[in-house]
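Novice: Here it is, the structure, as structure tokens.
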Ligand code: ADP
Ligand code: MG
């Protein structure tokens, strides 16, 4: 619930609780659940009677979706589960209509358009609110009609395709640092966007903030223009103005030139890291092969530290709502559950898409037993574990053997290390799925092709990479908070 709430995703949780008559007696699993969930929900209640259940459920469903989406909790005590009530006593409720959408005030939309036209170094930032708000056609039109560069946040990826020629993801730091006008579309200026602060952002940047949550407007940075409304409708309002009075940002500008140069340099660097002469795989070489073989329409689930970070830049998304990861809360352990839900949903479709789960070894450990669920339901999820023997980094088997010879392993072994070369693939074979242990590029390619050709059973590819493999040198340390 907390993960969904922090990500602004709707979810309704219905939980059982001890009998009302036994409350305060120390009943089995007695706990104040309604109060406990208030910290991470929009609405949390226990129906006062059996007859009240339909209205409480209706309110929970509606509240989870209306306004900024979030989590809702309904508590059902044990004695309500088997009780009966006469139909005539129950107030009939019907399913709520789809959430109402609101438009931004037209004068503010005009101000925003004027600001975009004045920009010397404009940038659109597409967040997961745009994905949730299904604003893809409007945003593609805005990008193309106005020739604007855009960046996506991790789960905003694919709203406008990562392979679109206006995507400047490969020059993310540079784009954030120098943009003078940023149009923020369904993304919060939280840690994921470095709070909108220098040194990651230009101190004089003017932000046009589009969000349906009024309380979000002005968090950390006071926007030059605040557009309160539904992204899809607000972008349509902007497009109407641009349609009447066509304008496009010059493709031969210094800004485009600088961004393109930086993108080319970064692409070169990733390519060099991917083709390092070492016989062992590293993050970049593993992801290069994976990205070449994954179906372009697959649903990608990813969690981990370096695995998620490097994977995000190397695995491209072409479709909206096709990437699920640790999200705003940075929650590890959600990946396999997401993959199961996605695979169940895909299975109900006439043309199912492949669900691929790219996990760090540590992240996989949080909910690795879900491989049993995947085998039980015969869900053809492909799990790729990028195994570096630890969190951020581990040690190789020989170093580990040396450490084991020492007296007090617990104090000597770095706490971030996990057992080297752990056989996660055997967890999958134990339950009847396909398991692969992979050390080379050729083995990786073969096992991935084999896994993708099977629609009956899940697979787990355990990719042993060089434990010393790291991310490329970053321009800024992670989570810079100077000038806060
Ligand atoms: P990201 O992780 O991509 O940066 P966030 O979760 O931080 O995205 O931000 C998403 C934002 O989108 C939230 O502030 C939420 O209120 C907003 N939002 C969600 N749906 C819509 C919508 N349909 N229209 C406008 N804003 C939306
Ligand atoms: Mg790891």
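Every number here is computed from the coordinates shown, using simple stated rules; none is lab data. Because the structure is a prediction, the values reported are computed rather than measured. Quick reminder, even Gly has a Cβ in these numbers, built from the backbone with ideal geometry, and neighbours come from all protein chains shown.
Novice: Expressed as a whole percent, how much of the Cα-Cα distance distribution for the stretch 73-171 exceeds 15 Å? Can you show the working numbers first?
Specialist: On the way: 3607 of 4851 pairs.
The calculated P(r) of the stretch 73-171 puts 74 percent of pairs beyond 15 Å.
Novice: Now, a different point. For residue 372, put the label point 7 Å out on the Cα→Cβ axis and report which residues of the stretch 324-338 keep their amide N under 20 Å from it.
Specialist: Inside the label zone: 333-338.
Novice: Counting each pair of different Cα atoms once, what's the Kirkwood radius of the stretch 11-89 in Å, rounded to one decimal? Intermediate values should be presented prior to the final figure.
Specialist: On the way: mean 1/r = 0.0755 Å⁻¹.
Computed over the stretch 11-89, the radius equals 13.2 Å.
Novice: Please work out how much length the chain gains when fully extended from residue 118 to residue 144, using 0.36 nm per residue of separation minus the C-alpha to C-alpha distance, in nm with one decimal. Before the final figure, lay out each step's value.
Specialist: Values: separation 26, 0.36 × 26 = 9.36 nm, distance 1.79 nm.
Contour length minus the Cα-Cα distance gives 7.6 nm.
Novice: Could you give me D for the stretch 96-138, from Stokes-Einstein at 20 °C and 1.002 mPa s, where the hydrodynamic radius is the Kirkwood radius over C-alpha pairs? Units µm² s⁻¹, please. Kindly include the intermediate steps, with their values, before the conclusion.
Specialist: Working: Rh = 12.9 Å.
The calculation lands on 166 µm²/s.
Novice: Could you please rank 324, 50, placing first whichever residue has the fewest other Cβ atoms within 10 Å of its Cβ?
Specialist: Numbers: 324 24, 50 17.
Sorted ascending by nearby Cβ count, the order is 50, 324.
Novice: From the gyration tensor of the Cα coordinates in the stretch 382-461, what semi-axes in whole Å does the equivalent ellipsoid have, largest first, with each one equal to sqrt(5λ)? Present the calculation step by step, with values, prior to reporting the outcome.
Specialist: On the way: eigenvalues 186, 32, 18 Å².
Value: 30, 13, 10 Å, ordered largest first.
Novice: Compute the length gained on full extension between residue 265 and residue 84: take 0.36 nm times their separation in residues and subtract their Cα-Cα distance, giving the result in nm to one decimal. It would help to have the intermediate numbers written out before the result.
Specialist: Numbers: separation 181, 0.36 × 181 = 65.16 nm, distance 6.90 nm.
Extra length available between residue 265 and residue 84 comes to 58.3 nm.
Novice: Can I ask one more? Assuming R0 = 25 Å, can you tell me the calculated FRET efficiency for the pair residue 96 and residue 213, based on Cβ-Cβ distance, to the nearest 0.05?
Specialist: Numbers: r = 19 Å, r/R0 = 0.76.
E between residue 96 and residue 213, to the nearest 0.05, is 0.85.
Novice: Direction-averaged shadow area of the convex hull around the Cα atoms of the stretch 106-261, nm²? All intermediate terms of the calculation are to be shown ahead of the outcome.
Specialist: Details: hull surface 31.9 nm².
Mean shadow area of the hull around the Cα atoms is 8.0 nm².
Novice: Applying 1/(1 + (r/R0)^6) with R0 = 30 Å to the Cβ-Cβ distance of residue 443 and residue 164, what FRET efficiency is obtained, to the nearest 0.05? Show your work: numbers first, answer last.
Specialist: On the way: r = 33 Å, r/R0 = 1.11.
It comes out at approximately 0.35.
Novice: Could you put 364, 28, 201 in order, starting from the residue whose Cβ has the fewest other Cβ atoms within 10 Å? Don't jump to the answer; show the numbers that get you there.
Specialist: Values: 364 30, 28 9, 201 20.
Ordered from fewest to most neighbouring Cβ atoms within 10 Å, 364, 28, 201 come out as 28, 201, 364.
Novice: So what is the relative contact order for the stretch 11-89, in percent, with contacts set as C-alpha pairs under 8 Å and at least six apart? Don't jump to the answer; show the numbers that get you there.
Specialist: Numbers: 117 pairs, mean separation 34.6, N = 79.
The value is 44 percent.
Novice: For the stretch 275-464, state the average projected area of the convex hull of the C-alpha atoms over all orientations, rounded to one decimal in nm². Mind showing how you got there, number by number?
Specialist: On the way: hull surface 44.6 nm².
For the stretch 275-464, averaging the hull's shadow over all directions gives 11.2 nm².
Novice: Considering the Cα positions of the stretch 1-155, please state its Rg to one decimal place and its Dmax as a whole number of Å.
Specialist: Computed over the Cα atoms of the stretch 1-155, radius of gyration and Dmax are 22.2, 68 Å.
Novice: Okay, next question. Give the relative contact order (percent, whole number) for the stretch 339-484; include only Cα pairs under 8 Å separated by 6+ residues.
Specialist: Once normalised by length, the contact order is 28 percent.
Novice: Oh, and also: Obtain the radius of gyration and the Kirkwood radius of the chain from its C-alpha atoms and give Rg over Rh.
Specialist: 1.00
Novice: Go through 6-13, 392-399 and give me the packing order, highest mean Cβ count within 10 Å leading. Display every interim value, and only then the final one.
Specialist: On the way: 6-13: 19.1, 392-399: 16.5.
Most protected by this proxy first, the peptides run 6-13, 392-399.
Novice: Suppose a student asked you for the relative contact order of the stretch 82-241, using Cα pairs under 8 Å spaced at least 6 residues apart; what percent would you report? Walk me through the numbers before you get to the answer.
Specialist: Numbers: 270 pairs, mean separation 46.5, N = 160.
Across the stretch 82-241, relative contact order equals 29 percent.
Novice: Follow-up. Which order do 338, 329 fall in if you start with the one that has the fewest other Cβ atoms within 10 Å? Each step should come with its number before you reach the end.
Specialist: On the way: 338 21, 329 14.
Sorted ascending by nearby Cβ count, the order is 329, 338.
Novice: Now for a different question. Could you work out how much longer the chain between residue 318 and residue 257 gets when fully extended? Use 0.36 nm per residue separation minus the Cα distance between them, nm to one decimal. The partial results should precede the final answer.
Specialist: Numbers: separation 61, 0.36 × 61 = 21.96 nm, distance 2.43 nm.
Once the chain is fully extended between residue 318 and residue 257, it gains 19.5 nm.
Novice: Determine, from the Cβ-Cβ distance of residue 472 and residue 412 and an R0 of 30 Å, the FRET efficiency 1/(1 + (r/R0)^6), rounded to the nearest 0.05. Could the numbers behind the result be given before it?
Specialist: Details: r = 30 Å, r/R0 = 1.00.
Efficiency, from the Cβ-Cβ distance: 0.50.
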